[in-house]
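Notes follow the structure.
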Amino acid sequence: MFTVKETEKFKDQLYEIYDELCLNLIETDQEIWWPTPFYFNLDEYEFRESYDLFNGNCGIVLFFLKLYQFDGNADHLRIVSKAMYRILNADEVLYPKFFALYTGMGGVIYTCLIIFEVTHDEFYKAKALALTLHHEKQLTGLLKADLLSGYTGNLLLFTLLYHHTNHPKVLSMVSLLIDRLIAEARISEQGLKWDYSGSKKAYDSMTGFSHGASGIAWVLMQVGQYFSASGLIYLAKEALRYEMKYFYNPAKNWLDLRLGPHRLNKPDVHQWKLETFLPEMTDVNAWAHGAAGVGLSRKLAMQVIKEKSYMADCQNALERCLDDLKKLDRTDFTLVSGYCGMIPFLLNYSLAAQIALILNQASALHQETNSYNTYVSSGVKDYGLLSGKAGIGYILVTILIGQNSDSILSPALPENNNKSILDDQYDEIQIKRSVFSKYYPRTLEKLKYFSAFEAEDVDDFKEKLQSAISKMPNDEIDALFNLESTLVDLWKKHKGYFSFEQKHKYWLKRAEESLKLTDQELIDRFFRLSDRLKLYRPLKGIKNELLLFISDENGIKEINVGLFTALILNAMEKEKIKGEELVKSLHTTLFGDEPNEKSLVELVDKVVQQIRLLIEAGFIEVVR
C-alpha cells in the first residue's frame, strides 16, 4: 500500500515518538509511569497520574504492546510489565471511582486481556477476571449506554473476557448488559435510540462512534456476531437507522448533537428546534464524532447486515473526510478529535496518499510545536493514547503491521467457533417482542394471543396490531389501542431529559412572572396550553372523560383531571383564549343561562385560583 520510502519515513516518525516516551517516563526499580495533564479550565492544568485508556498509562501500555508485535524488542515488554505493576497497585485502581472502557476500570481490564493475548501470560488473564468479579456492580452500573464512557463498552469487554475464561459469572454480566440495552431502547421518528436520560447534554440521543449510536451499533454487531444472536444485529440496525435521522446531506456529515453552554446561548432555545443549533453541528468530523467514526460502523454493517444503504453511507463519510483533508486547516492530529483518528476508516480504501499526507502534516506540526494538538495547552506533554503522542505512535505501528491489525479505535471480538448459548435468548423475534410490548402493554394484555412480533419497527407493529383488532371488534380494546398509539406518537417526538431541563428554565421564569400578576391582570391576559401537554379524550370503553399526557424529563406521564380543570383546558386547546372569555364560556357550560354579576364574580375567583395552579404546574402559560 505504501512505498518503501514512505514506510521508512513512518518508521522514523514511530521511533521518534518511542524515544520521546522513553525519555519522559518515570522509572523506579519496580515501576514505570508517565504524568497525565488534568485540566482545571481550558488554560490551566496540572500533572497527576491516570491509569485509563483515553489519556493515561494503560493507553501508553497498549502502544508499547503494539510496538513489540511489530519489532519483537523484548525491552518493550519490560516497560509494559513495570508500567502494569504500578497501575495494578495504584490506589485509583484498588479503590476506583470510574469504570468505563476508555475512561476507567474497564480499560485496565481490557489492557490486561490484550497483554495476555500478546504474551500468553496467564497472570494478566487471571487479573482481568479478578478485577471484573470484584467490581461487578460498578462495571455493569454505568449510567450512560455509549462505547467510550458507558456500559456498551463494557459489554464488549465482558464478551472478550468470557471468550478467554468461559466464566459463568462473566456470561451473566454479558446478559445483564444486553438486557439493559433492550430495556433502555426508546423509539424515535425512525429507529431506536439510547441515552435519552440526564446522562447526556445533547439535542437528542447522540450520533457518532464514541458517545453515540454508531458506537452502540458497533458493539451490538460485534457481540451479536460472537453469540450468533440475531436480535442484537436487529438492535444495531435500528441504532444506525436512528442515526440517519441526523445525517446532514449538504455537509456529508452526521450532526454533532452536543450542546455546551456556548450553543445554548441562543434565542428561542426553549423551542428546541434543530435549526437553532444546526450551523455549529455540521463541522465536527473525527473518530469520536462525525463521519470518520460513523464510517467505521457502516463498513462493519456492510459485512454483517448487508444492506445497500450502508455503501452509500460509507461513500458520504469518505467524501466528507476527503473534503476535510483538502483543507487540513486544523492543528489537531490526535486520535480522538484530530486527523489521525480518520486513518482507521481511510485504511478501508487503501488511500495511501491521503494517509501519508495526514502523517506528514502531523510530523511537521510536531517538529514546529512539539505537539500534535495546539488547541490544548498541554499538548507538548500529553503522552496519552487518544489525546496525545502515544496515539500517533499507535496508529503508525498499526499501519506498519498491516491494516487488519486490531485497533483500540475499532475494538473487535475474536471469532467464536463454539455453539452459541445466547441465540435462543436474544433472537430477533424475542428482541422485538421486548421492545414493542413496552409501548402496547394494555392492548396486548387484552388480546392475549397476539403473536405477530416479526414486524420491522413499531410502526409496522402498530399496523399488525390494528389488523388483528379489526377482526375482533371490542370497544375496550379499541380504546386502549388508540390511547397507546397516541402515547407512541409522543414518545417518538421526545428528545430526552436535557431538552426538558432547558425548557423548564424558560417555563419557570415565565411562570414566576405570570404568578406575580394580580387577579384582574390575569383575567385580562390570554392563555394557551403548554406545548408539553396533550389532551386525550378516550373512546367509549375507558371511563375517564379526559386524560392529560405530560411530556417531561423522564418520559410521558398520564394524569386524570377533574371536570372543572378539564373544562378550562378544553377551552384553550385549539387556540389562545382571554381570561374574561374563558369565564363567560365556563359560565354558559356550567349554568346554561346569561351570567349575572354575582355568579360571574364567584366564578372568576375559582377560575383565577385554578389558572394559578395550572400555570405553576406548567400546564398552561400566559401569552404575551
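Annotations
- Under the Debye formula (equal points on every Cα, no solvent term), log10 I(q)/I(0) of segment 157-300 at q = 0.09, 0.13, 0.14 Å⁻¹: -0.31, -0.61, -0.69
- Dividing the convex hull volume of the alpha-carbon atoms in segment 542-593 by its residue count gives 106 Å³ per residue.
- Size of segment 135-242 from its Cα atoms: along the principal axes, largest to smallest, the extents are 40, 28, 21 Å.
- Within the accessible area of segment 1-47 (1.4 Å probe), percent carbon and sulfur: 53
- By the Cα gyration tensor, the chain has an equivalent ellipsoid whose semi-axes, rounded to whole angstrom, run 53, 29, 22 from largest to smallest.
- Degrees separating the helix 230-243 axis from the principal Cα axis of the chain, which is the longest one: 70
- Distance distribution note for segment 58-106: the fraction of Cα pairs above 18 angstrom is 37%.
- Computed over segment 128-231: relative contact order in percent, which uses C-alpha pairs under 8 Å that are six or more apart: 28
- Packing order of peptides 340-348, 268-276, 526-534, highest average first: 340-348, 526-534, 268-276 (average count of other Cβ atoms within 10 Å over each peptide's residues).
- Each residue of segment 130-142 was assigned a 3J(HN,Hα) from its phi angle through the Karplus curve 6.51 cos²θ - 1.76 cosθ + 1.60 (θ = phi - 60°); the sequence is 5, 5, 5, 5, 6, 10, 3, 5, 6, 5, 9, x, 4 Hz, with glycine and proline shown as x.
- Probe 1.4 Å, all protein chains present, accessible-area order of Val376, Val294, largest first: Val376, Val294
- Of the three principal axes defined by the Cα atoms of segment 431-565, the extents in descending order read 58, 33, 17 Å.
- A simple rule links phi to the HN-Hα coupling: the Karplus curve 6.51 cos²θ - 1.76 cosθ + 1.60 with θ = phi - 60°, which for segment 321-334 gives 4, 5, 4, 5, 6, 5, 8, 6, 9, 10, 9, 9, 10, 5 Hz, with x for Gly and Pro.
- Here segment 255-348 has an Rg and Dmax of 15.1, 45 Å, counting Cα atoms alone.
- Overall, the accessible surface of segment 504-598 at a probe of 1.4 angstrom is composed of carbon and sulfur to the extent of 48 percent.
- Annotation: per residue accessible area for the chain equals 44 Å², rounded to a whole number [probe 1.4 Å, protein chains only].
- Here's the picture: charge each Lys and Arg Cβ at +1 and each Asp and Glu Cβ at -1 in the chain, and of Leu77, Gly295, Ala312 the one pushed furthest to the positive end of that dipole is Ala312.
- The order of the peptides 577-584, 477-484, 89-96, 118-125 by mean Cβ neighbours within 10 Å, most packed first, is 477-484, 577-584, 118-125, 89-96.
- For segment 336-435, a Kirkwood radius taken over Cα pairs fed into Stokes-Einstein (10 °C, viscosity 1.306 mPa s) yields D = 98 µm²/s.
- The Rg/Rh ratio for segment 159-209 is 1.12, where Rg is the radius of gyration of the alpha carbons and Rh is the Kirkwood radius.
- Sequence-separation-based contact order of the chain, relative, with Cα cut under 8 Å and 6+ spacing, percent: 13
- Carbon + sulfur, % of accessible area of segment 88-224 - ligands and nucleic acids excluded, 1.4 Å: 55
- About the Cα centre, charge dipole magnitude for the chain (Lys/Arg +1, Asp/Glu -1 at Cβ), debye: 960
- Under 29 Å from the Cα of Lys11 - lysines, other chains or at least 8 residues apart: Lys66, Lys82, Lys299, Lys326, Lys327, Lys381, Lys389
- Each peptide in 551-562, 380-391, 437-448 was scored by the mean count of other Cβ atoms within 10 Å over its residues; highest first, the order is 380-391, 437-448, 551-562.
- Size of segment 487-624: Rg and Dmax of its alpha carbons, in Å, are 15.9, 49.
- Considering only the Cα atoms of segment 120-179, their convex hull presents on average a projected area of 3.9 nm².
- All lysines inside 25 Å of Lys419 as judged from Cα atoms, apart from same-chain residues fewer than 8 positions distant: Lys125, Lys169, Lys237, Lys306, Lys432
- Measuring nothing but how far apart in sequence close Cα pairs (under 8 Å, 6+ apart) lie, relative to its length, segment 448-540 scores a relative contact order of 34 percent.
- Hull-based mean projected area of segment 59-172, where the convex hull spans the alpha carbons, in square nanometres: 6.6
- A simple rule links phi to the HN-Hα coupling: the Karplus curve 6.51 cos²θ - 1.76 cosθ + 1.60 with θ = phi - 60°, which for segment 608-624 gives 4, 4, 5, 4, 4, 5, 6, 5, 4, 6, x, 8, 10, 9, 7, 8, 5 Hz, with x for Gly and Pro.
- Pairwise Cα inverse-distance average, inverted: Kirkwood Rh of segment 439-503 (Å): 13.0
- Expected 222 nm ellipticity per residue - DSSP helices of 4 or more, -39500 (n - 2.57), all of the chain, to 500: -17000 deg cm²/dmol
- Which of Glu307, Glu463 is most accessible, then next, and so on - probe 1.4 Å: Glu463, Glu307
- Size-normalised alpha-carbon gyration radius of segment 364-416, reference 2.2 N^0.38 Å: 1.38
- Segment 403-483: projected area of the alpha-carbon convex hull, averaged over directions, in nm²: 8.4
- Spatially proximal aspartates and glutamates relative to Lys471 (Cα-Cα < 18 Å; intrachain offsets below 8 disregarded): Glu445, Asp460, Glu463
- Shape category assigned to segment 1-87 from the gyration tensor of Cα positions, a/c cut at 1.5: oblate
The values are calculated or read from the model by the stated rules, or taken from the named source; none is laboratory data. Given the structure is predicted, the values throughout are model-derived calculations rather than measurements. We place every Cβ from the backbone using ideal geometry, glycine too, and count neighbours over all the protein chains shown. Side chains are part of the model used for accessible areas, which takes the heavy atoms of the whole protein and leaves out ligands, DNA and RNA. Shrake-Rupley method; radii C 1.70, N 1.55, O 1.52, S 1.80 Å.
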